[in-house]
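The structure under discussion appears below in the form of structure tokens.
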Amino acid sequence: MAKRIDVSGLTAFYGAHKAIEDISMTVEPRSVTAFIGPSGCGKSTFLRTLNRMHEVTPGGRVEGKVLLDDEDLYGSGVDPVSVRREVGMVFQRPNPFPTMSIFENVAAGLRLNGGYRKSELDDVVEKSLRGANLWNEVKDRLNKPGSGLSGGQQQRLCIARAIAVEPRVLLMDEPCSALDPISTLAIEDLIGELKERFTIVIVTHNMQQAARVSDRTAFFNLAGVGQPGRLVEIDDTERIFSNPSVQATEDYISGRFG
Amino acid sequence: MSTALTPRDGAGVRRGAGLPKWSLWAVAAGSVALAVGIGLVAGLTSHVQWGLIAALLFVLGTYGVAARAEGRRQAKDRVATALVWVAFLLAVVPLVSLVWTTVSRGVKVLDGYFLSHSMGLVADSEPGGGIYHAILGSLEQVGLATAIGAPIGVLTAIYLVEYGRGRLALAVTFFVDVMTGIPSIVAGLFILSLMLILDLQPFGFAGSLALAILMMPVVVRSTEEMLKLVPNELREASLALGIPKWRTILKVVLPTSLGGITTGVMLAVARIAGETAPVLLLVFGNPFINANPFEGAQASLPLYIYQQYAQSAGAGAAYDRAWAASLTLIAFVMILNLVARGIARWKAPKTGR
């Protein structure tokens, strides 16, 4: 059920400003692909084009193709809402819905989309929370507000919320940057388990993290301030971190950047 | 003595304040006593002047005492605190005085009979009668105005915050600003002109329309601010789950800001509940009970107050009734505010563990 993503010639704009230019890559199913690169190089922007969240930003516009198992996400007549059901997303800062309980947060995707049976809901919530390694910590307080959890727990709650709607692909935008090392470890372990079921794309500033969790790594860079970000190379993580084919990648990874 | 207290002496961190707690109360009491003395000696008749002199003496006295005992920097801090207290008292005094006046004069005739009877067959100069008809009229007119104004206002705000781009949104914002400044009598005249064109007699709903016009911009403004407070991350989180935008707004954005929106609507209701001018023009007033807001003149609380007071010549039964009705109106608005607070607290985003 995990799906492959094929991106070709993708360019994204904020109004007149070109944020990323001409990006092509393939993301393999049931694997973890990490995006690394300096701030402002368009990693997050590119990630957001993969589930059409980029166009939510005022002025956001995309050219090019994103194929999800041969189906163009930007084809005419494709509903962005249905795309986002296939391609879920976890954000940088944990953002549980403040008016909802833990249970309601996980159930939100199903509930607000309709078309579920009441009896299913309990199972789905438990399965998702187990999937996010959070069940044992919250099973006794499912009716408490989600905002009462710790930061790491909130982030896992958000992951549970995202996987509850059974997406094919899970996008993660720096999911650990607001968390302490222990919570980070919990999330990284979780990513290792989730890749059995989902195609995972993760943006990270932490190169050790990219080396630890990902199967393939893509390095993004930009030529200068105001220039659009570009994909420098994408390869197996091992190769990127041991013997990258582009000098800029090696400079960035070894800290000799700029 | 003062040499030991300057910070430059290298004494390091000094512990605690040099002034005992009661000393500021002593300063306050002293300045009040002094102000009364000055007032009596100088023959000032106005107690407001006494109060202002006391406030001034309190600020100066605080500085003087603190400067002697604690040093200049702490004295400045004390003065800032004193100024805040004085400002607070200056703001509270008129409020307390107003409530006190209204309560003390209003309770005279305010009882169950007053609340449950109309002015039908009671002449304005006679005692007796009540405000049942006015309460009924106010509830109906304000209720209808809210039923029209609040949804339109909230929807306009949702449009402006969630959808509005470009010229239309700018135009709407501009006209909402203009509407905020419409005097209530003008809103009344606007509906009156329609009534004259359609050749209608005064009736309650006409007043509701004018009140709705007055209410809308207030609701739009407050709702807009509340919606802007909802973090964008929540909208994105919801959209990223594949939830359509309209459901995101309905199920995530609105519940998150419901407390604030309710408060804004209630403040707008409180504002229109006290409007007299459009009601005077459009509803006309009626000493009899008229429960139908769509036909015939009705009464309303502010209008009743105005009419009773205008006919009382400053004393007598009508005068008492005007104050009792004022007290009722204040209580009405206060109950609404309490309800709004309750809803806001009940619906506020939960933070407990």
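The values are calculated or read from the model by the stated rules, or taken from the named source; none is laboratory data. All of these numbers come straight from a predicted model, not from anything done at the bench. FYI the Cβ positions are ideal-geometry reconstructions off the backbone, even for glycines, and counts take in every protein chain you see. With ligands, DNA and RNA removed, areas are computed over all heavy atoms of the protein, side chains included. Shrake-Rupley method; radii C 1.70, N 1.55, O 1.52, S 1.80 Å.
Quick notes on this one:
A quick yes/no check of all residues on (1) away from every other protein chain (no Cβ under 14 Å); (2) out of contact with any strand residue (DSSP E or B) (no Cβ under 6 Å at 6 or more places or on another chain):
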{"site": "B:Leu234", "(1), (2)": "no, yes"}
{"site": "B:Leu239", "(1), (2)": "no, yes"}
{"site": "B:Val253", "(1), (2)": "no, yes"}
{"site": "B:Ala270", "(1), (2)": "yes, yes"}
{"site": "B:Thr276", "(1), (2)": "yes, yes"}
{"site": "B:Asn286", "(1), (2)": "yes, no"}
{"site": "B:Leu303", "(1), (2)": "yes, yes"}
{"site": "B:Asp320", "(1), (2)": "yes, yes"}
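- Neighbours by Cβ (under 8 Å, 6+ apart or cross-chain): first from region B:85-104, in contact (Cβ under 8 Å) with a residue 60 or more places away in the chain; second assigned to a helix (DSSP H, G or I): B:Val99/B:Ile330; B:Thr102/B:Trp323; B:Thr102/B:Ser326; B:Thr102/B:Leu327; B:Thr102/B:Ile330; B:Val103/B:Leu327
- When region B:163-183 is limited to residues that are open to solvent by 50 Å² or more (accessible area, probe 1.4 Å) and part of a loop (DSSP other than H, G, I, E, B), the one that is farthest from the other protein chains (Cβ to nearest Cβ) turns out to be B:Pro183.
- Among the candidates B:Val142, B:Val122, B:Val84, residue that is in a helix (DSSP H, G or I) and open to solvent by less than 50 Å² (accessible area, probe 1.4 Å): B:Val142
- Residue in region B:235-250 that is of a type in the set (A, V, I, L, M, F, W, C), touching a residue at least 12 places away in the same chain (Cβ under 8 Å), buried (at least 19 other Cβ atoms within 10 Å of the Cβ) and not in a helix (DSSP H, G or I) present: no
- Selection within region B:201-232: residues that are without any contact (Cβ under 8 Å) to a residue 40 or more places away in the chain and not in a helix (DSSP H, G or I). The member of this set that is farthest from the other protein chains (Cβ to nearest Cβ) is B:Val230.
- Qualifying residue in region A:117-137 (condition: free of Cβ contacts under 8 Å to residues at least 60 places away in the same chain, more than 12 Å from chain B (Cβ to nearest Cβ), open to solvent by 40 Å² or more (accessible area, probe 1.4 Å) and in contact with a Gly (Cβ under 7 Å, 6 or more places away or on another chain)): no
- Counting only residues that are buried (at least 18 other Cβ atoms within 10 Å of the Cβ), over 19 Å from A:Thr199 (Cα atoms) and within 14 Å of chain B (Cβ to nearest Cβ), region A:53-77 holds 2 of them.
- Count of residues meeting criterion [in contact with a Ser or Thr (Cβ under 8 Å, 6 or more places away or on another chain), surrounded by fewer than 20 Cβ atoms within 10 Å (Cβ to Cβ) and aliphatic (A, V, I, L, M)] in region B:259-310: 3
- Residue list for region A:105-116, filter: free of Cβ contacts under 8 Å to residues at least 24 places away in the same chain and either within 11 Å of chain B (Cβ to nearest Cβ) or crowded, with 18+ Cβ neighbours inside 10 Å (or both): A:Arg111, A:Leu112, A:Gly114
- Options A:Ser183, A:Ser177; residue that is touching a residue at least 40 places away in the same chain (Cβ under 8 Å) and surrounded by fewer than 21 Cβ atoms within 10 Å (Cβ to Cβ): A:Ser177
- Residue list for region A:149-167, filter: farther than 17 Å from A:Gln92 by Cβ, within 13 Å of the chain's Cα centre (by Cα) and in a helix (DSSP H, G or I): A:Ile163
- Residue pairs meeting the criteria (Cβ under 8 Å; at least 6 apart or on separate chains; first over 14 Å from A:Ile187 (Cα atoms) and more than 7 Å from every other protein chain (Cβ to nearest Cβ), in region A:79-95; second buried (at least 21 other Cβ atoms within 10 Å of the Cβ) and among the polar types (S, T, N, Q)): A:Val83/A:Asn51; A:Glu86/A:Asn51; A:Val87/A:Asn51
- So B:Val65, is it in a helix (DSSP H, G or I) and under 25 Å from the mean Cα position of the chain (by Cα): no
- Apart from one condition, A:Ile200 fits all of (1) at pLDDT below 90; (2) more than 14 Å from every other protein chain (Cβ to nearest Cβ); (3) touching a Leu at 6+ places or on another chain (Cβ under 7 Å); the exception is (1).
- When residues of region A:140-152 are limited to those that are touching a residue at least 12 places away in the same chain (Cβ under 8 Å) and within 11 Å of chain B (Cβ to nearest Cβ), the one most open to solvent (accessible area, probe 1.4 Å): A:Asn143
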